[in-house]
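Asker: Handing you this structure, nothing more for now.
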Amino acid sequence: MSGPVSGLRRSRRWSLRRRLGLWLAASVAALWLAAATVAGLVLQHEIGEVFDSALQEVAQRVLPLAYSELLSREAGDAPQHMAPIGPHREYITYVVRDGAGRVLLQSSDAELMAIPPSLAPGFRTTDRLRTYTEAAVRGTIVVTTAEDLGHRAAAVRRAVMALIWPLVALVPIALAGVWLAVRLSLKPVLAFRRAIAARGRGNLTPVAADGLPEEMAPVATAVNALMERLRGALEAERGFTANSAHELRTPIAAALAQTQRLLAELPEGAERQRARDVAGALRRLSRLSEKLLQLAKAEGGGLLAEHPAPLGPVLRHVIAELDHQTDCQTDLGADLVVTIPPDGGPVSDLDPDAFAVLARNLIENALKHGAPDRPIDVRLREDGFEVANRCPVVPADRLAALLRPFERGPTQAEGSGLGLAIAAAVCRGAGLRLDLASPIPGEADGFQVTVRFPAPILTGR
């Protein structure tokens with residue numbers, strides 16, 4: 001369950017770019033809304049003052065007109081309506097009354113407004129009106145101006161909406177601007193991340209820290225120091241492996257030479273047979289030490305080359321070495337069906353020595369455990385390397401176990417059980433994929449090993 005859970009947790013992680021972009025865009029939108037709200041409140045207050053001033057000014061302008069009207073009119077005259085000059089909407093209405101409350105003069109829409117009488121001088125607010133009343137001539141003339149509160153609310157609402165509507169266009173623009181700014185700012189950090197990810201396949205060269213922000217510079221320094229220590233450890237391990245190879249091969253070869261000389265000097269008999277047994281044991285020990293050293297090298301790193309090269313010539317060299325082994329009983333060229341592209345095969349940054357070790361172990365494993373009267377198929381393709389031999393079907397539950405050191409399948413052939421383990425170690429260290437199949441796909445029996453090259457390893461020719 002750990003695999004799916006860890007994958008689910010990784011899928012829920014948000015990148016730093018997305019977090020910064022969303023937070024900055026949300027902050028800009030929230031600040032804009034807050035500013036629009038404050039501006040709306042201020043605007044409401046200012047609009048109220050402007051309209052109150054208009055009410056007061058209308059009342060003061062109407063007073064002289066009302067006074068002259070009162071002087072010129074005769075008793076019993078009906079209230080006079082001020083006819084509008086052209087069609088228009090009257091936002092501020094007025095009514096002039098005498099001291100007894102009779103209407104003397106009013107605007108065209110005053111009746112629709114239903115301005116209440118007997119209002120005290122000054123500003124007043126009713127359920128639907130904002131009024132201003134002013135008296136003159138000792139209270140004999142009273143002018144009241146009125147405005148519908150809905151008109152004020154509509155004016156404030158339109159002004160606030162004029163501030164808020166640009167936010168609809170601002171949010172996408174802000175998101176794009178923030179995304180672009182964050183992307184450009186984090187470009188060195190993303191390049192640093194990709195450089196570190198590229199070091200996962202044995203590349204231990206220092207990571208370039210150019211252009212990194214101040215907060216990330218110590219991380220680059222620590223990563224480079226760590227890789228330097230790791231490179232030193234791997235070099236020490238490779239040195240130990242090389243020294244061990246020399247120290248092991250030399251005494252084994254000397255002992256084998258002395259045994260072979262003893263075989264030449266001894267007559268046929270029990271002593272000569274024991275000398276043959278010793279020579280055979282020394283040969284097996286020599287092969288085992290070579291396999292162990294190959295396994296140590298495969299697990300120690302250094303499996304990638306600085307410059308990519310075609311793998312076809314390396315495979316041809318491995319086939320030639322196997323064909324000329326002195327301990328082979330038959331010509332391997334007749335047992336191996338080798339397919340290599342004419343152009344030299346895929347170009348890979350896999351170290352040629354590492355590929356030679358990989359190919360040799362897979363082919364030797366197929367020769368040891370394959371049916372002696374059936375050929376071994378060796379194919380090098382642009383996307384992988386494949387070795388197949390005919391043999392009884394290996395149970396599916398045994399396939400994964402064959403990749404462990406000293407693990408052997410159901411066979412009577414001689415071997416140390418290290419061939420597939422060495423190949424698996426090379427694939428792990430070089431970032432390759434190793435697949436085992438039994439029977440061979442499309443066949444009734446056999447065993448097939450496929451090494452698949454990932455896209456970053458191969459380049460076009």
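Asker: Identify, from the list A220, A153, A174, the residue that is in a helix (DSSP H, G or I), at pLDDT 80 or above and in contact with a helix residue (DSSP H, G or I) (Cβ under 7 Å, 6 or more places away or on another chain).
Answerer: Just one listed residue meets the conditions, A220.
Asker: Any residue in the stretch 221-229 that is among the basic types (K, R) and over 30 Å from V103 (Cα atoms)?
Answerer: Yes: one or more hits.
Asker: Whether any residue in the stretch 437-451 is at pLDDT 80 or above, charged (D, E, K, R) and not in a loop (DSSP other than H, G, I, E, B) is what I want to check.
Answerer: no
Asker: For residues that are open to solvent by less than 30 Å² (accessible area, probe 1.4 Å) and either in contact with an Asp or Glu (Cβ under 7 Å, 6 or more places away or on another chain) or not in a strand (DSSP E or B) (or both), tally how many sit in the stretch 100-110.
Answerer: 4
Asker: Go through the stretch 377-397 residue by residue and tally those that are buried (at least 21 other Cβ atoms within 10 Å of the Cβ) and not in a loop (DSSP other than H, G, I, E, B).
Answerer: Summing the residues that are buried (at least 21 other Cβ atoms within 10 Å of the Cβ) and not in a loop (DSSP other than H, G, I, E, B) in the stretch 377-397 gives 6.
Asker: Scan the stretch 358-369 for residues that are touching a Gly at 6+ places or on another chain (Cβ under 6 Å) and open to solvent by less than 10 Å² (accessible area, probe 1.4 Å) and jot them down.
Answerer: Within the stretch 358-369, just N361 meets the criteria.
Asker: Next question, about the same structure. Of L170, L184, L180, which residue is over 18 Å from R61 (Cβ atoms) and open to solvent by less than 50 Å² (accessible area, probe 1.4 Å)?
Answerer: Just a single option satisfies the conditions, and that option is L170.
Asker: Related question: Can you go through P456, P372, P405 and tell me which one is under 19 Å from L303 (Cα atoms), of a type outside the set (A, V, I, L, M, F, W, C), at pLDDT below 85 and open to solvent by 10 Å² or more (accessible area, probe 1.4 Å)?
Answerer: After ruling out the rest, the residue left standing is P456.
Asker: So which pairs qualify, if the first residue must be in the stretch 101-125 and at positive phi, the second must be open to solvent by 40 Å² or more (accessible area, probe 1.4 Å), the Cβ gap must be under 7 Å, and the two must be at least 6 apart or on different chains?
Answerer: Final answer for the pair search is G101/P117; G101/S118.
Asker: Still on this structure: For R10, indicate whether it is open to solvent by 90 Å² or more (accessible area, probe 1.4 Å) and either at pLDDT below 70 or not in a helix (DSSP H, G or I) (or both).
Answerer: So R10 passes the test.
Asker: Which one of A281, A320, A264, A255 is modelled with pLDDT of 75 or more, in contact with a helix residue (DSSP H, G or I) (Cβ under 6 Å, 6 or more places away or on another chain), assigned to a helix (DSSP H, G or I) and small (G, A, S)?
Answerer: A255
Asker: Another question, then. Look at the stretch 122-140 and say how many of its residues are over 25 Å from Q44 (Cβ atoms) and outside any strand (DSSP E or B).
Answerer: So the count comes out to 4.
Asker: Please go through the stretch 225-252 and pick out each residue that is at pLDDT below 75 and either among the polar types (S, T, N, Q) or at positive phi (or both).
Answerer: Matches in the stretch 225-252: T241, N243, S244.
Asker: Here is a list: Q56, Q80. Which entry is more than 30 Å from V182 (Cα to Cα), surrounded by 12 or more Cβ atoms within 10 Å (Cβ to Cβ) and at pLDDT 80 or above?
Answerer: After applying the criteria, what remains is Q56.
Asker: Suppose we filter R97, R158 for residues that are charged (D, E, K, R), in a helix (DSSP H, G or I) and modelled with pLDDT of 75 or more; which single one remains?
Answerer: Just a single option satisfies the conditions, and that option is R158.
Asker: Any idea which residue in the stretch 284-308 is modelled with the highest pLDDT, counting only those that are outside any helix (DSSP H, G or I) and exposed (fewer than 15 other Cβ atoms within 10 Å of the Cβ)?
Answerer: H307
Asker: Here's a follow-up. Looking only at the stretch 141-150, how many residues end up being in contact (Cβ under 8 Å) with a residue 60 or more places away in the chain and either in a helix (DSSP H, G or I) or surrounded by fewer than 24 Cβ atoms within 10 Å (Cβ to Cβ) (or both)?
Answerer: 2
The values are calculated or read from the model by the stated rules, or taken from the named source; none is laboratory data. The shown structure was predicted, so the numbers you read here are calculated from the model rather than taken from an experiment. A quick note on method: Cβ atoms are made from the backbone with ideal geometry, for glycine too, and the neighbour counts reach across all protein chains shown. Calculation scope for accessible area: heavy atoms of the full protein, side chains included, ligands and nucleic acids excluded. Shrake-Rupley method; radii C 1.70, N 1.55, O 1.52, S 1.80 Å.
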